[in-house]
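Encoded as structure tokens, the structure appears first; notes follow it.
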Amino acid sequence: MEPEIKIKDYTYILPEEKIAKYPLPSRDDSKILIFQDNKIFESKFSNLADFIPSDSMMVFNNTRVVPARLFFKKESGAHLEIFCIEPLSPPDYARSFETTGETTWRCIVGNSKKWKSDDVKFDHSGNSLLELCNLTATRVSIDGETSVVKFTWEGGYSFAQIMEMCGKVPIPPYLNRESEESDRDRYQTLYAKYRGSVAAPTAGLHFTNSVLESIDKKGIIREELSLHVGTGTFRPVKSELIKDHPMHSEPFSVSLSFLRSLIECMERKTIVSVGTTSARTLESLYYIGIKLNRGENEVKDVEQWEPYGADFQLSPLMAIKSICEWMERRKIDSFEAKTRIIIVPGYKFKIIDALITNFHQPSSTLLLLIASFVGKSWREIYNYALNNNFRFLSYGDSSLLFRNQTKLH
């Protein structure tokens, strides 16, 4: 059953001056708020390892943000922005980025009304190299707020190279500024590997090689998964009740070796999720494991309200083991699915014990996730941050939150 939650109960006043428009010169100079045993205190992110228990496993999202904003110009002179959000042909990210000459994506088109049926050329603005690419966009169809767009180009470049040469980084709209060259580096984690996100998993933006080395020296296990962050992460909740808000779908993948490591750690180590994207992936695995444990042969995506209204008896450990066994029977090393899971107050966490995350927008699904994790203390945490010069949102400071409720085993 969908919980009766009013979004107005999960909001706060965020002054514009509290929003970090740019990152600090050094990633780990950011502040970190620690919430543990109902106590709040603060430190520098460079000291993170001091606050992570040595018997922990940290899980990072290694997705890579792509410069997905492409600008085209009609013969009439009108400009169009085409924002690539999901590959359709080829239908997966890796193959689409590797393809040369042609690919089709689901896109959001800015100034859409001025694009009728004609092809449009990339606005190379006199750059001879980009002109030689002859990047062209053709709108195949319109589907609600999105369009299906076919891209063609010359020169033998992969679509990944085309994006790197022609695209702009899609920084969050609430920064109220255009993306700059520095964003290509700073709106990206140091450990980013697999292209596909149009928004960064921002909790990871604070990590430096020095912080990672201090984590390793303490003997903390580091593991990675991939969830490609979509534009829906910025979608405001416009409905009065959260049950009327449609959650976006995002693809994720985990390796067999990761799942085996998770199984070894779940009952005796603290599972620390680096970011809400890692948290949503880890928690989604439980519900996929339930389906596979029931004997379902095909992987089914996790739906928005799937965790609610049912009494799940399977232990989290057995759920993860069920995914491993399913993969082993099929002799596959990578597991892929999509999740629309929404985590709101009333949700019972199955996998994670601690969460590293930035400070999120008022009345957002991400703030609801935080409230579900720490309970009513979310307001005390956010008041502390507002009153103690913390910087908010994607380029802002971070927090390390430990859960009060007992994790289900």
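Values computed for the structure shown
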item: The range 319-324 - phi-based ³J(HN,Hα) in whole Hz, Karplus 6.51/-1.76/1.60, Gly and Pro as x; result: 5, 5, 4, 5, 5, 4
item: FRET E, pair SER141, SER182, Förster distance 51 Å, beta-carbon r, rounded to 0.05; result: 0.90
item: Hz values of 3J(HN,Hα) by residue in the range 217-228 - Karplus curve (6.51, -1.76, 1.60), Gly and Pro given as x; result: 5, 7, x, 6, 7, 10, 10, 10, 9, 10, 10, 7
item: Isotropically averaged projected area of the range 356-400, using the convex hull of Cα atoms (one quarter of hull area), nm²; result: 2.9
item: All aspartates and glutamates inside 15 Å of LYS116 as judged from Cα atoms, apart from same-chain residues fewer than 8 positions distant; result: GLU75, GLU81, ASP143
item: At R0 = 60 Å, FRET efficiency that the Cβ-Cβ distance of THR152 and ARG294 yields, to 0.05; result: 0.85
item: Listed pairs LYS18/LYS218; LYS6/LYS348; LYS18/LYS113; LYS168/LYS238; LYS217/LYS338 exceeding 25 Å between Cα atoms; result: LYS18/LYS218; LYS18/LYS113; LYS168/LYS238; LYS217/LYS338
item: Net length gained if the chain between GLU17 and LEU190 were fully extended (0.36 nm per residue, minus Cα distance); result: 59.5 nm
item: Vicinal HN-Hα couplings computed from phi for the range 168-182 (Karplus, 6.51 cos²θ - 1.76 cosθ + 1.60; Hz; Gly/Pro x); result: 10, 5, x, 5, x, x, 6, 6, 6, 8, 6, 5, 10, 4, 5
item: Simple Cβ-charge dipole of the chain, Lys/Arg +1 and Asp/Glu -1, about Cα centre, in debye nearest 20; result: 400
item: Positive minus negative residues near ASP29 (Lys, Arg vs Asp, Glu; Cβ under 15 Å); result: +2
item: Assigned charges on the beta-carbon of Lys, Arg, Asp, Glu; the range 171-270 dipole about Cα centre (debye); result: 220
item: Spatially proximal lysines relative to LYS44 (Cα-Cα < 17 Å; intrachain offsets below 8 disregarded); result: LYS31
item: Theoretical FRET efficiency, 1/(1+(r/R0)^6), r = Cβ-Cβ of ASP9 and TRP305, R0 25 Å, to 0.05; result: 0.85
item: Cα-based shape type of the chain, given that a ≥ b ≥ c are square roots of the gyration tensor eigenvalues and the cut on a/c is 1.5; result: prolate
item: Relative contact order of the range 69-167, defined on C-alpha pairs under 8 angstrom at six or more residues apart (%); result: 31
item: Per DSSP, loop trypsin sites (Lys or Arg not before Pro) in the range 334-372 with at most 15 further Cβ within 10 Å; result: LYS348
item: Long-range amide H partners of ILE5 with built H, under 5 Å; result: ILE242, LYS243
item: The chain, relative contact order [Cα under 8 Å, separation at least 6], %; result: 23
item: Cα gyration tensor, the range 74-154 - rounded (a/c under 1.5), prolate or oblate; result: oblate
item: Mean Cα-pair separation over length for the range 174-315, i.e. relative contact order, pairs under 8 Å, 6 or more apart, %; result: 20
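No lab work stands behind these numbers, since they all come straight from the coordinates. Quick caveat: nothing in here was measured; it's all calculated off a predicted structure. Heads up, the Cβs are rebuilt from the backbone with ideal geometry, glycines too, and the neighbour counts pull from every protein chain shown.
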